[in-house]
Amino acid sequence: MRADRAALALCTVLALAACGDRDAQRGKAADGSADTTGLPQPVATGDPVTGMPGAPGPGDVPLGGRAPAPEVADLAAVPLEDNPETGLLPAATDATADIAPPSPEAAVAAIRSYYTAINALDYASAYALWSDGGRASGQTPEQFAAGFAQTSTVMVDIGAPGPIDAAAGSRYIEVPVSLRAQQADGSIRRYEGRYVLRAAVVDGASQAQRAWHIASADLREVAAP
C-alpha cells in the first residue's frame, strides 16, 4: 500500500515539473528573449525602413519640400551705367565721335574728285578712290592708267544721288553720271551710267575707311545726240 502511494507521488512531481518548463518557455516568448539561434537574421544597413534617404540630397532641401530661396544680389551696388534697364548708353569715344557718317553730298564730291584727278593725269589718286585700295576696279594701277592713254580730257555731269542703303558694316549709294570724253584725235565719246560707292561704318574703322569709295561702275557708250 505504501509503495502505491510513493509511485503516485513521483508521477505528480514529474507532471508539475513538465508544466513548469512549459510555463517558463511561454514567459520567454512573451518578453522577446526567446533563443533565435537557428533563425535567419536581417542585415543591418543603417537606412530607414521606408527607403527614404536619412539626410537631404544636394542643395540641402528642407523637409517641407522647397529649396531655400536663392541669394539676391545687391542691386543698389550695380552702377547705373551698366544696368540695361536705365536705358543709358556708354558715351562715344574720341576715336569715333568726330567722324561724321557718310552723306550723299560726300559721294558726289568723291566722283568729282575722281575725274579731277584723271584730268590732272594723277592716275594714282584716281585709282585710290576705288574700294579695296583700287582693286575693286578690276585692274592693276598700270592697266588703269593705260586705259586713259587716248583720252585728253573728261567732262562729267553728276546727277542726284540715290538713297543710302544700309548693309552689315557698310553703306552703299548710287550716283548717276553723264560723261563726254575727248580723245587725242579731237573726237568726243559719250557715256552714261552710274557708280556705286561704298563706305565702311564698323566700329574701329578709320576716317579713310569711312569715306566713300567706288565699289563698281556701269558705264555704257551712247550715240551723239
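I'd like the residue in the stretch 161-193 that is surrounded by fewer than 15 Cβ atoms within 10 Å (Cβ to Cβ) and hydrophobic (A, V, I, L, M, F, W, C) and, out of all such residues, is farthest from Tyr115 (Cα to Cα).
Per the stated criteria, the residue is Ala168.
Give the stretch 206-218 a look and list any residue that's surrounded by 14 or more Cβ atoms within 10 Å (Cβ to Cβ) and touching a residue at least 12 places away in the same chain (Cβ under 8 Å), or say none. Before the answer, list the steps.
First pass over the stretch 206-218, keeping only residues surrounded by 14 or more Cβ atoms within 10 Å (Cβ to Cβ): 209-217.
Correct list: Arg210, Ala211, Trp212, His213, Ile214, Ala215, Ser216, Ala217.
Taking the stretch 190-213 only, how many residues are modelled with pLDDT of 95 or more and of a type in the set (D, E, K, R)?
Residues meeting the conditions: 4.
Can you tell which of Asp203, Asp157 is more than 14 Å from Ile111 (Cβ to Cβ), under 48 Å from the mean Cα position of the chain (by Cα) and exposed (fewer than 12 other Cβ atoms within 10 Å of the Cβ)? Explain how you work it out, then say what you get.
Details: Asp157 fails: more than 14 Å from Ile111 (Cβ to Cβ).
Of the residues listed, the single one that is more than 14 Å from Ile111 (Cβ to Cβ), under 48 Å from the mean Cα position of the chain (by Cα) and exposed (fewer than 12 other Cβ atoms within 10 Å of the Cβ) is Asp203.
The values are calculated or read from the model by the stated rules, or taken from the named source; none is laboratory data. Predicted model, so just to flag it, every value in this text is computed and none were measured. Note that we place each Cβ from the backbone using ideal geometry, even for glycine, and neighbour counts take in every protein chain shown.
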